[in-house]
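The values are calculated or read from the model by the stated rules, or taken from the named source; none is laboratory data. What you are looking at is a predicted structure, and each value in this text was computed from that prediction instead of being measured. A quick note on method: Cβ atoms are made from the backbone with ideal geometry, for glycine too, and the neighbour counts reach across all protein chains shown.
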Amino acid sequence: MGDLESQLQTNTDVYMQQFSVPYAYPVYFTRNMFATDNEIFLQALSRLEANRRHRFVAFIDEGVASALPALVDDITSYVQANAEMISLAAAPEIILGGENVKNDPDLVARLQKKMLDLGIDRHSFVVAIGGGAFLDMIGYVAATTHRGLRMIRVPTTVLAQNDSGVGVKTGINAWGSKNLLGSFAPPFAVINDSAYLATLNERDRRAGMAEAVKVALIRDGGFFAALEANADALAAFDPTAVNHLIRRCAELHMHQIAHGGDPFEAGSARPLDYGHWAAHKLESMTDHGVRHGEAVAIGLALDTRYSVAKGLLAPGNEERVCVLLEKLGFELWHPALEMRNGDDSLTVLAGLREFREHLGGELTITLLTGIGTGHEVNEMDEAVILDSLAWLKSRATLR
């Protein structure tokens, strides 16, 4: 018995469990998805199981519903016209959208309970129609109910159609931290319907274009040149130019997720967050008075100037980036960037610490070595950041 006890105390066996799970989801591009002769929605629901009737529950961003008052009736009519293939678990529910929708844990709990009450199971679908923050929240509800419901995203903004809506993240804000609670949960499908873009006001149309500039800067110099060539058309929201921007940006975003080597961000590098360390902080400093895309535009200008100041990027490229962003309608300075803490340090600099803390590990910031080429660094020079901010302010003053 003593020998057995000795073996149990000294012998350690390790059984290594390893498996992989493939993820695949389509991103459809269409117009008027709930027109009775449009089969895209049917294709999305039935792409894995064609020979069964599919049940879904739908949630609509209040801003979209207000701009399209017939939308609920259109969904109901579409279901009735295709009753042999799909059914609604309940009437579509309209929910207030915008960033504040991610700040209400009671709403999340109510919707999770609603999934239970309606009998929404892992073979049913949750359909969310709205902007990026709205999709984040509904996606979190879907990902955390029954350990993951099938989610159909219908992004309705430029920002969501070309960036967040085609990605793999869900999340809500908690305890003052942006996206503190969430999961990596690839959608079952994404439907980009260009008709929804007509519901946007000018400010929201413009805001989403910053992410296209971002992904062009880190991944595709040719796309950046195309944005420059079409800047006037994009500023006027020409449908052809905007549709090209959305498709190419979405394509690059999806390629990064699939082939960048870290789709669920287990490491420290986040190239798709170029310009975001300052942007996220500026959003919170202004209580989201500055929209995400507007903050990103400032963050892009700041980090591009910093890249030049550090000798990574050829001089003149920072001006090129700023000119494009301004042609698209962005202001590249905000007074909040001069806010200071009690110790007289600039508040925005805390964005670097918060950027690191969100993932842990070492600080990793994407900078530029060329238009279309990102480069990771693990430290930022505060003095150079201050000089870059001063350059932005001076440039804005001269304009």
* To do: Restrict the check to region 216-228 and report whether at least one residue is out of contact with any Phe, Trp or Tyr (no Cβ under 8 Å at 6 or more places or on another chain), closer than 23 Å to Pro263 by Cβ and not in a helix (DSSP H, G or I).
  => yes
* Asked: Is it fair to say Leu302 is modelled with pLDDT of 95 or more and assigned to a helix (DSSP H, G or I)?
  -> yes
* Among the listed residues Arg206, Arg153, which satisfies the condition of being buried (at least 17 other Cβ atoms within 10 Å of the Cβ), in contact with a Pro (Cβ under 8 Å, 6 or more places away or on another chain) and touching a residue at least 24 places away in the same chain (Cβ under 8 Å)? -> Arg153
* With the condition kept exactly as written, say whether any residue in region 310-331 is at pLDDT below 95 and in a helix (DSSP H, G or I). => no
* If you take the residues of region 86-110 that are under 23 Å from the mean Cα position of the chain (by Cα), within 15 Å of Glu62 (Cα to Cα) and part of a loop (DSSP other than H, G, I, E, B), which of them is modelled with the lowest pLDDT? -> Gly98
* Would you mind stating whether Lys113 is at negative phi and under 19 Å from the mean Cα position of the chain (by Cα)? => no
* Asked: Looking only at region 242-262, which residues are buried (at least 19 other Cβ atoms within 10 Å of the Cβ) and farther than 16 Å from Asp220 by Cβ?
  -> Val242
* Does region 386-394 contain any residue that is in the same structural domain as Phe223 (by TED's automatic domain parsing), touching a strand residue (DSSP E or B) at 6+ places or on another chain (Cβ under 8 Å), loosely packed, with under 15 Cβ neighbours inside 10 Å and not acidic (Asp, Glu)? -> yes
* Give the residues of region 186-203 that are in a helix (DSSP H, G or I) and either crowded, with 21+ Cβ neighbours inside 10 Å or in contact with a Phe, Trp or Tyr (Cβ under 6 Å, 6 or more places away or on another chain) (or both), sorted by residue number. => Tyr196, Leu197
* Boolean, Asp74 is at pLDDT 95 or above and over 24 Å from His146 (Cβ atoms) -> yes
* Could you tell me which of the residues Glu382, Glu376, Glu357 is loosely packed, with under 14 Cβ neighbours inside 10 Å and touching a residue at least 40 places away in the same chain (Cβ under 8 Å)? => Glu376
* Asked: When residues of region 263-299 are filtered for being surrounded by 23 or more Cβ atoms within 10 Å (Cβ to Cβ) and not in a helix (DSSP H, G or I), how many remain?
  -> 2
* Limited to region 158-183, what total is found for residues that are of a type in the set (Lys, Arg) and at pLDDT below 90? -> 1
* Within region 243-272, count every residue that is more than 13 Å from Gly374 (Cβ to Cβ) and of a type in the set (S, T, N, Q). => 2
